[in-house]
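> Take a look at this one; I'll ask things after.
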Amino acid sequence: MTDYKNLKLIASSSPHIRSNEDTRSIMLDVIIAMIPALCMSVYVFGFQALILTVIAVASCLFWEWGYRKAMKKNSSIGDLSAVVTGMLLALSCPVTLPWWMMVVGSFFAIVVVKQLYGGIGCNFLNPALAARAALMACYASAMTQWASPDKWMPIFGSVADVETAATPMAIMKEGTFEQLPTIADMFLGKIGGSMGEVSALMLLAGGIYLMLRKVISWHTPVAFIGTVAVISLISAPAGISAVDYMAYSVFGGGLMMGAIFMATDYATSPVTKAGQLIFGVGCGLLTVFIRRFGSYPEGVCFSILVMNCTTWLIDKYVRPTIYGAPKKEKKAKEAAAK
């Protein structure tokens, strides 16, 4: 006879889907996927890259814990989303950034962009990218000082005497193509730039891991990178071959990191596959437009933030067929509802 008193029953709405995935497991996969890029940044710039990343992560955890404690809400630092935000923020900044600026950026990301809107899943902008944009607006000089890839940063002391180098995007913006590093160096990571954008290989490795784990789908990254590649191929300026210009445009800057880790953010990107393709194409178009016609040599950060603001519109007009309903019946119901 069945012991109904000890029988555990779970009631939920249909369809019934069971999964072992939760926010913590997804965020843990993202953290694992970023480790290759972080290791490469430490190899290129020294242990200062690791220290700055630890400061960013610790600051994000502190601000999230402190805000929710002050608001008398349950602690959410266990879901690891603040750790992901801290790592993304650190990897999108130069290794020469003073530690206290990283703390300020962490405050903006966690408190202003994320928690004030209700916490994880309620923010409409990517917290790490919004914080990077805020730091660019407040500390433009510090955010555009790129350390040379062949000189390790000092762990202690001033960074005023650190040897700096122009990024490939800045060189391309100036049109001095003969000064560009080799494509192999860009792919492997022997270039200057933000800590997480130096090695396209390590970023691709992290992206493949996330796809294999089914944390992200291919739609947004492929649409984003593919749009930049195609437009760069057909609009290469004089002084450089079309194929080389496309390769530099794809491997340079924050395109790989933005397309794989930031444009795929669950809370700020469309939920449908078609919507994700539209989102990726929009990010790619804006990135190329800013790089070619704007005063700033990089456009990934701002393109994703702009498209974040259109996510609600894409989700509104790109909807899947109602479960169990024919397409014609779906359209008829939508027309009647209007």
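The values are calculated or read from the model by the stated rules, or taken from the named source; none is laboratory data. As the structure is a computational prediction, the values presented were derived from the model and not from experiment. Glycine gets a Cβ as well: all are built from the backbone with ideal geometry, and neighbour counts include every protein chain shown. Just the protein is used for accessible areas: all its heavy atoms, side chains included, with ligands, DNA and RNA removed. Shrake-Rupley method; radii C 1.70, N 1.55, O 1.52, S 1.80 Å.
> Can you pull out the residues in region 253-286 that are surrounded by 24 or more Cβ atoms within 10 Å (Cβ to Cβ) and touching an Asp or Glu at 6+ places or on another chain (Cβ under 9 Å)?
Gly253, Gly254, Leu255, Met256, Met257, Gly258
> Do any helices (runs of 4 or more DSSP H) lying entirely in region 267-338 carry at least 2 residues that are farther than 25 Å from Met169 by Cα, modelled with pLDDT of 85 or more and not aliphatic (A, V, I, L, M), and which ones are they? Please lay out each step first, then the result.
Numbers: elements: 273-293, 300-308, 311-317, 327-337.
Once the helices (runs of 4 or more DSSP H) in region 267-338 are filtered for at least 2 residues that are farther than 25 Å from Met169 by Cα, modelled with pLDDT of 85 or more and not aliphatic (A, V, I, L, M), what remains is 273-293, 311-317.
> Within region 40-55, how many residues turn out to be within 13 Å of Cys93 (Cα to Cα) and in contact with a helix residue (DSSP H, G or I) (Cβ under 7 Å, 6 or more places away or on another chain)?
6
> For region 191-242, how many residues meet the condition of being in contact with a Cys (Cβ under 8 Å, 6 or more places away or on another chain) and open to solvent by 60 Å² or more (accessible area, probe 1.4 Å)?
0
> Of all helices (runs of 4 or more DSSP H) completely enclosed by region 160-245, which ones contain at least 3 residues that are under 14 Å from Ile260 (Cα atoms)? So that I can check it myself, show each step before the final result.
Values: elements: 168-174, 183-188, 200-212, 219-234.
Here the list reads 200-212, 219-234.
> Do the conditions hold for Cys122, that is, is it within 19 Å of Ile304 (Cα to Cα), of a type in the set (A, V, I, L, M, F, W, C), surrounded by fewer than 20 Cβ atoms within 10 Å (Cβ to Cβ) and over 16 Å from the mean Cα position of the chain (by Cα)? So that I can check it myself, show each step before the final result.
Numbers: within 19 Å of Ile304 (Cα to Cα): yes; of a type in the set (A, V, I, L, M, F, W, C): yes; surrounded by fewer than 20 Cβ atoms within 10 Å (Cβ to Cβ): yes; over 16 Å from the mean Cα position of the chain (by Cα): yes.
For Cys122, the condition - within 19 Å of Ile304 (Cα to Cα), of a type in the set (A, V, I, L, M, F, W, C), surrounded by fewer than 20 Cβ atoms within 10 Å (Cβ to Cβ) and over 16 Å from the mean Cα position of the chain (by Cα) - is met.
> Criterion first (within 22 Å of Ser295 (Cα to Cα) and either modelled with pLDDT of 90 or more or not basic (Lys, Arg) (or both)) does Thr182 satisfy it? It would help to see each step written out before you state the result.
On the way: within 22 Å of Ser295 (Cα to Cα): no; either modelled with pLDDT of 90 or more or not basic (Lys, Arg) (or both): yes.
The answer is no for Thr182.
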